[in-house]
Every structure is written in structure tokens, then in C-alpha cells.
Amino acid sequence: MRLEKCWFCSSTVYPGHGIQFVRNDAKIFRFCRSKCHKNFKMKRNPRKVKWTKAYRRVHGKDMTQDSTFEFERKRNKPERYDRNLAENVLKAIPKIDKIRVTREERHHKNRMKGNKVKVQREATKELEQGISLVKAPLALQQDPSLTLPKIKVTVSQQQSQQNRPMEE
């Protein structure tokens, strides 16, 4: 069973699936779904379309160079069957897969290192803007311990009167 790669998004195309386009110069393009085929016909660059593998690699979101990728590459040279070699390759596949997963996790952790502070800053800003939605303003005035730690929020008397329901 031969698994091909989609020309546009680099996902796997299984036998009997997808679309194959042959250009006048006999170059073959395989697509996993009509979405990729339509984007190709619209002459879109896969490196500029955010959901493609090419975009993720160009913008540093996925690993680009690693020795574990050598094992996935397509080889067109036929090799003579050797039982011992095939056995060793099958034993090595899980080890290589485990190494690749750990390297991808490390890459992701390094990429997200500065993101934690940014997310925390955004959360505190959002909380300061809408603290009256979380707790009643009068309850905050009576017991200041109800607020989140390390965040001081001031609630004015006008704001608490605006949030109170109208009496009839």
C-alpha cells in the first residue's frame, strides 16, 4: 500500500482517496480533498495559507530539521530484501517515534515559553474590566478577600448603583 502526500497541505493521501491532477508537462499533483484542489486551482501559495504544513514550518510552529524525518522520506531506489535488516528496522521504528515525539514536545515548550506571561496579563486585564460580572460589587466592598489574590480592583459607588436592579 503506497501512501502519498498531498501537494498542498502535506497530509497523507490513502489509496483510492483524493484527487490527482496531471499537468501538461506530465507533473503529477495529488490532493487529499477538494479544498486543497480548489486552493491549488486558485493559485494560492501553501506557505501563505495558515492551515497548511508548509505555513507552520515557515513560521516556526513545527520542527523543520530533525534527523528523525529522514526515516519518513520517500525513497525511489529499490533495495534487495534482507530479513535481518527488515527486522532491525521494525524494532527501531517505535524508538525513533518516541524520540521524535519528545523533540516535538521540547520544541513546543520552547515556543510557548514567553506565552504564559502574556496570557496572565490578558486575563488580569479582562478580570479588572468585568469584575462586577464575577462578584457583586457590594459583596466586594464588604469583604475584600473575595477578589483574586495579587489583583486589586476598585469598585466605585456609581458602578455598584448602576448594576443594582431597578425598583418599581
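The values are calculated or read from the model by the stated rules, or taken from the named source; none is laboratory data. Given the structure is predicted, the values throughout are model-derived calculations rather than measurements. Each accessible area value is taken on the protein alone, full model and side chains, heavy atoms only, with ligands, DNA and RNA left out. Shrake-Rupley method; radii C 1.70, N 1.55, O 1.52, S 1.80 Å.
Tabulated data for the structure shown
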{"item": "For residue 85, solvent-accessible area (1.4 Å; no DNA, RNA or ligand), Å²", "result": "90 Å²"}
{"item": "For residue 4, distant residues with modelled amide H under 5 Å away", "result": "13"}
{"item": "Percent carbon-and-sulfur accessible area, segment 1-120, ignoring ligands, DNA and RNA, probe 1.4 Å", "result": "51 percent"}
{"item": "Entries of 35/95; 38/98; 41/61; 43/98; 48/109 with Cα pairs more than 29 Å apart", "result": "35/95; 38/98; 43/98"}
{"item": "Exposure ranking of 112, 1 by accessible area [1.4 Å probe, largest first]", "result": "1, 112"}
